[in-house]
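Everything below concerns the one structure shown next.
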Amino acid sequence: MHLTLSSKGQIVLPAPVRRRLRLKAGAKLELQVRNGGVFLSPVQDKLPHFEPIEYPPPGSLKFSKYDYELDKFAAAVGEDPAP
C-alpha cells in the first residue's frame, strides 16, 4: 500500500485501514522509527473502566444451606466434614 506525503507532511490512512483498526477522527497514533522505516500504532488513551470487587471482610464468610446439608450428609456417611 502506497501513501503520499503532502507538502505539510501529512498522510491519509485509507478507510479500510481506519475501519480495521477502529480509528476515528482525532485518534492518537504513536510513531516509531524502525530499521529505516516508520511504524504507526494506535495509542490507548485510557484504561477500560472496571468495577471494584467487594470482598467480604475476614471472618465473615457465609455458608449456604447446601454447605450445611453436605456436612450433614458427610457425617451420616461417616466422612469428616470439610473444614
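Values as computed for the structure displayed
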item: Close pairs (6 angstrom Cβ cut-off, 6 or more residues apart or separate chains): touching a residue at least 12 places away in the same chain (Cβ under 8 Å) in region 28-48, of a type in the set (Gly, Ala, Ser) anywhere; result: 30/41
item: Criterion violated by residue 18 - all others in (1) charged (D, E, K, R); (2) modelled with pLDDT of 75 or more; (3) assigned to a loop (DSSP other than H, G, I, E, B) satisfied; result: (3)
item: Residues of region 36-59 that turn out to be among the β-branched types (Val, Ile, Thr), out of contact with any Asp or Glu (no Cβ under 8 Å at 6 or more places or on another chain) and outside any strand (DSSP E or B), as a count; result: 1
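The values are calculated or read from the model by the stated rules, or taken from the named source; none is laboratory data. This is a predicted model, so every value here is computed, not measured. Because the Cβ atoms are built from the backbone with ideal geometry, glycine has one as well, and the counts that use them run over all protein chains shown.
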